[in-house]
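What follows is a set of notes on a single structure, which appears directly below.
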Amino acid sequence: MIRQILFDFDGVIIDSMAVRDYGFRTIMQGHEQSLIDEFIRYHRYNAGLSRYVKIRYFYEEMLKQPITEDRVYELAAQFSDIMKERLVAPDVIIPKTVDFIKSIYLQMPMHIVSGSDEVELNFLCRMLRLDAYFVTIEGSPTPKNDLVSGIMDKYGYDPKETLLIGDSVNDYEAAKQSGLYFVGFNNKSLMPISDYYADEIEKRILGVGSC
């Protein structure tokens, strides 16, 4: 029986990919367009990675240039300003997911584990009036694997009674590292590796543990 759920945020609770694409393109403007396009493909495939990791990857692996931590945080702050401006409209919410969350939050604890910046993440959840439904709302710069394992340890959850719902391979890896069931969502490339795959989040996913 499933007794608790961990949710990714972007792509699962809100539809933010286009806005995040725009944010990365904005902070990377001035560089070669083909490299930026290649980076956006990397960013989309690794949706669960933090922006700090992605920014370092762009400079160190793609541009072959060193980047200081101060510069990483400066660019991440610019990116966050764009997100706070553009991701507070109610129409970014994925309705079926939020309906599901509202229907079960009194029955079991739920947590958000995201690659998004934690301060920004909590701001968005407050502005979208989602914060009351979750025990914790956690994000980067802490890696998602560590967020998940930290919650499991702190609350003493049984992995075989816990779901992680995500839309990226990084979510899958975080779930499996801690022995959780993984529900792939809204990304058909996850179908072969998911314990259950869903195009809409609904109560039938609570039967994953008995599948």
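The values are calculated or read from the model by the stated rules, or taken from the named source; none is laboratory data. None of these values were measured; they are calculated from a predicted model. Because the Cβ atoms are built from the backbone with ideal geometry, glycine has one as well, and the counts that use them run over all protein chains shown.
Return a yes/no flag: does segment 147-160 have any residue that is outside any helix (DSSP H, G or I) and surrounded by 22 or more Cβ atoms within 10 Å (Cβ to Cβ). Break it down stepwise before answering.
Here is the first cut: in segment 147-160, the residues outside any helix (DSSP H, G or I) are 156-158.
Going one step further and asking which of them are surrounded by 22 or more Cβ atoms within 10 Å (Cβ to Cβ), we end up with none.
No: segment 147-160 contains no residue that is outside any helix (DSSP H, G or I) and surrounded by 22 or more Cβ atoms within 10 Å (Cβ to Cβ).
Please state which one of S34, S16 is small (G, A, S) and under 16 Å from the mean Cα position of the chain (by Cα).
On the way: S34 fails: under 16 Å from the mean Cα position of the chain (by Cα).
From the options S34, S16, the qualifying one is S16.
Going by what's in this entry, would K102 be described as more than 18 Å from the chain's Cα centre (by Cα) and under 16 Å from C125 (Cβ atoms)?
On the way: more than 18 Å from the chain's Cα centre (by Cα): yes; under 16 Å from C125 (Cβ atoms): yes.
Yes.
Going through segment 180-199 one residue at a time, which ones are surrounded by 13 or more Cβ atoms within 10 Å (Cβ to Cβ) and either of a type outside the set (A, V, I, L, M) or over 19 Å from I112 (Cα atoms) (or both)?
The first filter runs over segment 180-199 and keeps only residues surrounded by 13 or more Cβ atoms within 10 Å (Cβ to Cβ), leaving 180-187, 190, 193-198.
If the condition is that a residue be surrounded by 13 or more Cβ atoms within 10 Å (Cβ to Cβ) and either of a type outside the set (A, V, I, L, M) or over 19 Å from I112 (Cα atoms) (or both), then Y181, F182, G184, F185, N186, N187, L190, I193, S194, D195, Y196, Y197 are the ones that fit.
Residue check: is G30 surrounded by fewer than 16 Cβ atoms within 10 Å (Cβ to Cβ), small (G, A, S) and at positive phi?
Details: surrounded by fewer than 16 Cβ atoms within 10 Å (Cβ to Cβ): yes; small (G, A, S): yes; at positive phi: yes.
When the stated conditions are applied, G30 passes them.
In segment 60-133, which helices (runs of 4 or more DSSP H) lie fully inside it and hold 3 or more residues that are at pLDDT 95 or above and farther than 30 Å from E32 by Cα?
Numbers: elements: 69-86, 95-104, 118-127.
Qualifying helices (runs of 4 or more DSSP H): 95-104, 118-127.
State which residue is modelled with the lowest pLDDT when the search covers only segment 158-211 and only residues that are closer than 19 Å to I137 by Cα and hydroxyl-bearing (S, T, Y).
Checking each candidate, the answer is S168.
Give segment 21-49 a look and list any residue that's in contact (Cβ under 8 Å) with a residue 24 or more places away in the chain, within 24 Å of F182 (Cα to Cα) and part of a helix (DSSP H, G or I), or say none. Give the steps one after another, and end with the answer.
Of the residues in segment 21-49, the ones in contact (Cβ under 8 Å) with a residue 24 or more places away in the chain are 22-24, 26-28, 31, 35, 38, 44-49.
Filter once more, so that each one left must be within 24 Å of F182 (Cα to Cα): 44-49.
R44, Y45, listed by residue number.
Applying the selection to segment 168-191, what residues are over 18 Å from D146 (Cα atoms) and touching a strand residue (DSSP E or B) at 6+ places or on another chain (Cβ under 9 Å)?
Going residue by residue through segment 168-191, those that are over 18 Å from D146 (Cα atoms) are 183-191.
The answer is V183, G184, F185, N186, N187, K188, L190, M191.
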